[in-house]
Number of protein chains: 2
Amino acid sequence: MAHSNQDPHCPEHRLYGNSSRKIHVDGTLWPLRVGMREITLSRPYLSGGQEFTSFPIYDTSGPYSDPSVTFDPEKGIPPVRDGWGFIARESDRAAATAPEGSMTTRIPRKAKEGSGITQMHFAKKGVITPEMEYVAIRENQRLEEWTLSHGRGAVHATPVTPEFVRSEIARGRAIIPANINHPELEPMIIGRNFRVKINANIGNSALSSSIAEEVEKSVWACRWGADTVMDLSTGKNIHTTREWILRNSPVPIGTVPIYQALEKVGGIAEALTWELYRDTLIEQALQGVDYFTIHAGILRRHLPPAEKRLTGIVSRGGSIMAKWCKANGKENFLYEHFEEICEILETYDIAVSLGDALRPGSISDANDEAQFGELKVLGELTTAAWQHDVQVMIEGPGHVPFHMIEENMQKQLEYCHEAPFYTLGPLVTDIAAGYDHVNSSIGGTLIAFHGCSMLCYVTPKEHLGLPDRDDVREGVVVHRIAAHAADIAKGSPAAWLHDELMSQARYAFAWEDQFNLSLDPEKARKLHTESLKAAGHTGADPDFCTMCGPDFCSMKKSKEAKTLH
Amino acid sequence: MAHSNQDPHCPEHRLYGNSSRKIHVDGTLWPLRVGMREITLSRPYLSGGQEFTSFPIYDTSGPYSDPSVTFDPEKGIPPVRDGWGFIARESDRAAATAPEGSMTTRIPRKAKEGSGITQMHFAKKGVITPEMEYVAIRENQRLEEWTLSHGRGAVHATPVTPEFVRSEIARGRAIIPANINHPELEPMIIGRNFRVKINANIGNSALSSSIAEEVEKSVWACRWGADTVMDLSTGKNIHTTREWILRNSPVPIGTVPIYQALEKVGGIAEALTWELYRDTLIEQALQGVDYFTIHAGILRRHLPPAEKRLTGIVSRGGSIMAKWCKANGKENFLYEHFEEICEILETYDIAVSLGDALRPGSISDANDEAQFGELKVLGELTTAAWQHDVQVMIEGPGHVPFHMIEENMQKQLEYCHEAPFYTLGPLVTDIAAGYDHVNSSIGGTLIAFHGCSMLCYVTPKEHLGLPDRDDVREGVVVHRIAAHAADIAKGSPAAWLHDELMSQARYAFAWEDQFNLSLDPEKARKLHTESLKAAGHTGADPDFCTMCGPDFCSMKKSKEAKTLH
């Protein structure tokens, strides 16, 4: 894998400059350590009576920002979850040896015969797993004390407890995607009573990109703040690409197994069979995929309304299943075999992300009969999966005009019994090619504010080509803005505090603190430095804003006015 | 002025490639021609029974996209409004000769003694001015026929008539900023029952940039879709910079006159006087500035609540006035002399943009006593200005959490009697440095949906430095997305049709049509071409999406499925 000077593997880029360091918070129920990134501030800031000389932030970069860990992408990152002892105790070996093509010697595991292994299984039984404690600590960002005294908003006014996590998972309102065969995972939770999450799609196509590039993109995505990564590879070497990504990924990995199944039948949708699909699920389950997108909700009765649309079916999985159904004159085999699918998922604790095969591909098609018809079926499938203690989330649109977005969230809550919603955008217009990441962040903020739990990023290349590394960064950061804006609107104390510290730093002209507290410290620092340079400024950072110059700096003038009587 | 190969003055860039051409629609009441950009489509598209082989779009680029016009930035663009005969008939000469420093020999004009000249004056008298007819034609985009049969939404279901424009202006719900001394202007309308508009700020500071650069940025801003431009220059040569910008600008130019006044007193706020400010207003009025931001609403009683804030006063004009009030122990002289200000404005038909000196500079300060206290005063000033037939819009925030944005719009409508709202963002978080253009477009879409009439753009350099030409383009395009998304949500038939044609082109794999119908055709084309090249594809554009390759193209599969029985 190429190591450029911007590579996250390079030590000088691990910690976002010298003002950040990796910290770990120990569990009290389990022998676990939760990694966070702590930003050292240049001066103390006061908020609600508490003094902050540092600020711990939610960190998705895993060991890549830990200087004590050494990396070898061919060996993968450390299997942290194995150290917690829970998986080994609660599961059996699924094979005698590691499968062919495995990068490690670890033997895959499965649920014990007749016994459950999923987070939902344990949650319903009242058991707090290591994963539940992990996410509770993680969500709190070590701000429990501050939160208790200064929380805003209803749900977030108190710190997250492991028991609250358990209850939300038991209720189906949140999920922790964590295949027992992905021991490298740092668990995270998806649910609307937690921090809004974002997903980054990577994956090569028949047209481009190598395995090394995809692994690098997945690391890069975590580095910038992706909470989960979907490997949507469709070209050659799907199995090996996925193995590399999983073994190097501290975040949950999702896939759309029908893509690999289709490759196995040479791209001919109508040749797909249940048996082939089932074997693909098991193959990926043993590798450690944390969640599967499964398009089981598109039924034959939905096809006539979909055919009336402006842009038909724009979900890849959906169009494959539609073609299969019509060519074979049969009902969707993913629907027909959903019980058997759940039996596989519950054996490894794989969450199901129920695909919205009929998401609108243009604003004209939004909220139509086809889309909401499928959503109702996804609600039925949710109930079915929950009976197997399989964790469920629901995928959502797509292209939706701004004023029609809230209805999507309302209907999803109603039809799908509050299972977490995971949307692609929505994009609020069709004409933003080249800027669809912005388009998506607009709709994404609105739907996350209304209760969507995870936003799938969109990059500037959407509709035009596959994203490169810069597109991944741009897509991730912009959707982190959307997710963070929704967290603020929902009253998250940690989100409010972050902004408050930033604004105090801004008012104090503490430039380094401003950069470090920004979502993309490197870009903020770069733009500022370039501007100063272009203006011929040298020496120390100025005590005025570089947009306006000394005489017109409002913050400077405002402070001066304050001292006058 | 440097002419790069991306320069809008270069003929090859005037028309966005060969598929666009400048068209003109003649007035019926006045001898005027309204320019539009017509995109030629590669094939006919059908919408609501009407066939479209071309699509006329709202065009802010003025003569810069007209191949019949030649340019010399030192001479300025043609004074189109002079050809309509109205200004000469209704006004008098304001001087004997053109003022010193003027780029043309045109002698400035003023209202006839004892007689009105403003659009509001004529609107109240029932007169439809050329400017009113111009904006009515412009808003309709030559889609009157289609709109009548296929309009969506209440307000937009019928074409805009000159009479409707007149009534909205008479009511104060819309404005046409059009100083009679800016004859180069192509009139446009700002009001919530019309297309959402965007403004681009340019202007040098003491720290950087030349006159030529600023003129180029202003042309560049119109080229990408800015509806108005504010010249916020604060450094040397303010007068000359403005003269160049005005003489080369087909869009309304706004300024904040206090900036020039402050330069005249060497940057010492407390040394400002009413007389000096008044003379500055007149100087700029004679040059042709179309709207003035005036911070007349910040009063001494607002200062104590503002001093309690996290980030104080972040409006430059606001901080200047606050310092002046405190240092001199007197009330804001802009408030005290507001009647006299209105007398100047009505003499030249300059619109007033009542500045929100107390807009929040951090989400913690949003919707506070200081902000809404000032907004109430802006409402009083609105009534006072309307008594002089001065057109008014109201400036708004700033940094506002997503869930607190709607309240801003509601209070503005209530306090300010439905005068158009013109907001900076709002930014929905404080921590997006380097990406504040996206941050702003998120809040901007929401407030425009609720009725904001014009969004001031924010560039990626916000909080960090002055925008360069690339930042201007990025800021403009991203805010056009926000404005367009709001237009769609508000039911604009033209906006819906634009998206529908785009999606038909997308479904037909008509790549050139997709590029041409995008908000930034050049970027869309570039990203697509780069992706194809990276994938090794040569020859004709493919009939599948370049993101997924032929086997996984959902639109291709979806079409194939449709043909099966």
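The values are calculated or read from the model by the stated rules, or taken from the named source; none is laboratory data. Quick caveat, the model's predicted, so the values are computed rather than measured. Neighbour counts are summed over all protein chains in view; Cβ atoms, including those assigned to glycine, are modelled from backbone coordinates with ideal geometry.
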Assess whether B:Thr234 counts as being under 17 Å from B:Gln391 (Cα atoms), in contact (Cβ under 8 Å) with a residue 12 or more places away in the chain and within 14 Å of chain A (Cβ to nearest Cβ). no
Can you tell me how many residues in the stretch A:43-65 are in contact with a strand residue (DSSP E or B) (Cβ under 9 Å, 6 or more places away or on another chain) and not in a loop (DSSP other than H, G, I, E, B)? 14
Condition met for B:Leu446 (at pLDDT below 95, within 12 Å of chain A (Cβ to nearest Cβ) and touching a helix residue (DSSP H, G or I) at 6+ places or on another chain (Cβ under 7 Å)): no
What are the pairs with Cβ atoms under 6 angstrom where one residue, in the stretch A:272-287, is under 13 Å from A:Thr347 (Cβ atoms) and the other, located anywhere, is surrounded by fewer than 22 Cβ atoms within 10 Å (Cβ to Cβ) and not hydroxyl-bearing (Ser, Thr, Tyr)? Sequence gap at least six, or different chains. A:Leu281/A:Ile344; A:Leu286/A:Pro99; A:Leu286/A:Pro108
Of the conditions (1) assigned to a helix (DSSP H, G or I); (2) surrounded by fewer than 24 Cβ atoms within 10 Å (Cβ to Cβ), A:Lys330 satisfies every one except a single condition; which number is it? (1)
Considering every residue within the stretch A:243-258, establish whether at least one is modelled with pLDDT of 95 or more, within 12 Å of another protein chain (Cβ to nearest Cβ) and part of a helix (DSSP H, G or I). yes
So, A:Gly101, is that one under 24 Å from the mean Cα position of the chain (by Cα), on the phi > 0 side of the Ramachandran plot and not acidic (Asp, Glu) or not? no
Among (1) more than 23 Å from A:Thr53 (Cβ to Cβ); (2) at the interface with another protein chain (Cβ under 7 Å from one of its Cβ atoms); (3) among the charged types (D, E, K, R), there is one condition A:Asp499 misses while meeting the rest; what is its number? (1)
Per the filter on the stretch A:304-315, residues more than 9 Å from every other protein chain (Cβ to nearest Cβ) and part of a helix (DSSP H, G or I) are A:Pro304, A:Pro305
Which listed residue is of a type in the set (D, E, K, R) and at pLDDT below 95, from B:Glu186, B:Glu216, B:Glu270: B:Glu216
Specify which of the listed residues (B:Tyr335, B:Tyr348) is under 23 Å from the mean Cα position of the chain (by Cα) and among the aromatic types (Phe, Trp, Tyr). B:Tyr348
Say whether the condition of being touching a residue at least 60 places away in the same chain (Cβ under 8 Å) and within 10 Å of chain A (Cβ to nearest Cβ) is met by at least one residue in the stretch B:385-398. no
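Against the condition within 30 Å of B:Phe552 (Cα to Cα) and more than 9 Å from every other protein chain (Cβ to nearest Cβ), how does A:Ser492 come out, does it pass? Show your work before the answer.
Numbers: within 30 Å of B:Phe552 (Cα to Cα): no; more than 9 Å from every other protein chain (Cβ to nearest Cβ): yes.
In short, no.
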Report whether or not A:Gly83 is at pLDDT below 95 and within 24 Å of A:Val135 (Cβ to Cβ). no
Being facing chain A (nearest Cβ under 9 Å), within 29 Å of the chain's Cα centre (by Cα) and crowded, with 18+ Cβ neighbours inside 10 Å: is that true of B:Gly318 here? yes
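Got a sec? Which of B:Ile363, B:Ile350 is crowded, with 24+ Cβ neighbours inside 10 Å, over 22 Å from B:Asn199 (Cα atoms) and among the aliphatic types (A, V, I, L, M)?
B:Ile363
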Answer yes or no: is there a residue in the stretch B:409-416 that is closer than 30 Å to B:Ser210 by Cα and of a type in the set (A, V, I, L, M, F, W, C). no
Taking the stretch A:449-459 and the residues there that are of a type outside the set (Ser, Thr, Tyr) and either more than 7 Å from chain B (Cβ to nearest Cβ) or surrounded by fewer than 24 Cβ atoms within 10 Å (Cβ to Cβ) (or both), the one that is farthest from the chain's Cα centre (by Cα) would be A:His450
Of everything in the stretch B:262-288 that's within 14 Å of chain A (Cβ to nearest Cβ) and surrounded by fewer than 23 Cβ atoms within 10 Å (Cβ to Cβ), which residue is farthest from B:Thr105 (Cα to Cα)? B:Glu270
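With the condition kept exactly as written, say whether any residue in the stretch B:289-299 is at pLDDT 95 or above, under 16 Å from B:Ile350 (Cβ atoms), assigned to a helix (DSSP H, G or I) and more than 12 Å from chain A (Cβ to nearest Cβ).
If we filter the stretch B:289-299 for residues that are at pLDDT 95 or above, which is where we start, we get B:289-299.
Then keep just the ones that are under 16 Å from B:Ile350 (Cβ atoms); that gives B:289-296.
Narrowing the set further to residues that are assigned to a helix (DSSP H, G or I) leaves none.
Looking for residues that are at pLDDT 95 or above, under 16 Å from B:Ile350 (Cβ atoms), assigned to a helix (DSSP H, G or I) and more than 12 Å from chain A (Cβ to nearest Cβ), one finds none in the stretch B:289-299, hence no.
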Name the residue that is farthest from the other protein chains (Cβ to nearest Cβ), counting only residues in the stretch B:412-439 that are over 29 Å from A:Ala494 (Cβ atoms) and out of contact with any Lys or Arg (no Cβ under 8 Å at 6 or more places or on another chain). B:His417
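Find the residue count for the stretch B:502-514, including only residues that are at the interface with chain A (Cβ under 9 Å from one of its Cβ atoms) and in contact (Cβ under 8 Å) with a residue 40 or more places away in the chain. I'd like the intermediate steps shown before the answer.
Initial filter on the stretch B:502-514 (at the interface with chain A (Cβ under 9 Å from one of its Cβ atoms)): B:502-504, B:506-507, B:514.
Add one more test, that the residue is in contact (Cβ under 8 Å) with a residue 40 or more places away in the chain, and what stays is B:504, B:506-507.
Total meeting the criteria: 3.
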Counting only residues that are within 18 Å of A:Leu276 (Cα to Cα) and of a type in the set (Asp, Glu), which one in the stretch A:321-351 is nearest to the other protein chains (Cβ to nearest Cβ)? A:Glu331
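Does A:Ser362 satisfy the condition of being touching a residue at least 24 places away in the same chain (Cβ under 8 Å), within 14 Å of chain B (Cβ to nearest Cβ), of a type in the set (Ser, Thr, Tyr) and over 22 Å from A:Ala269 (Cα atoms)?
yes
Please determine, by comparing only the residues of the stretch A:463-497 that are among the basic types (Lys, Arg) and over 30 Å from A:Glu145 (Cβ atoms), which one is surrounded by the most Cβ atoms within 10 Å (Cβ to Cβ).
Of the stretch A:463-497, the ones among the basic types (Lys, Arg) are A:469, A:473, A:480, A:490.
Applying the additional criterion that residues be over 30 Å from A:Glu145 (Cβ atoms) yields A:469, A:473.
Numbers: A:Arg469: 17, A:Arg473: 23.
The selected residue is A:Arg473.
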B:Asp513 meets each of (1) surrounded by 24 or more Cβ atoms within 10 Å (Cβ to Cβ); (2) assigned to a helix (DSSP H, G or I) with one exception, condition (1)
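Residue under question is A:Gly475, and the condition is that it be of a type outside the set (D, E, K, R) and over 20 Å from A:Gly191 (Cα atoms); does it hold? Step through it out loud before you land on a result.
Numbers: of a type outside the set (D, E, K, R): yes; over 20 Å from A:Gly191 (Cα atoms): yes.
Taking the combined requirement at face value, the residue satisfies it.
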Across (1) part of a loop (DSSP other than H, G, I, E, B); (2) in contact with a His (Cβ under 9 Å, 6 or more places away or on another chain), A:His417 clears everything bar (2)
Which of (1) surrounded by fewer than 13 Cβ atoms within 10 Å (Cβ to Cβ); (2) in a strand (DSSP E or B) does B:Ser68 not meet, given it meets every other one? (2)
Per the filter on the stretch A:295-318, residues β-branched (Val, Ile, Thr), touching a Ser or Thr at 6+ places or on another chain (Cβ under 7 Å) and either free of Cβ contacts under 8 Å to residues at least 24 places away in the same chain or under 20 Å from A:Ile268 (Cβ atoms) (or both) are A:Ile313
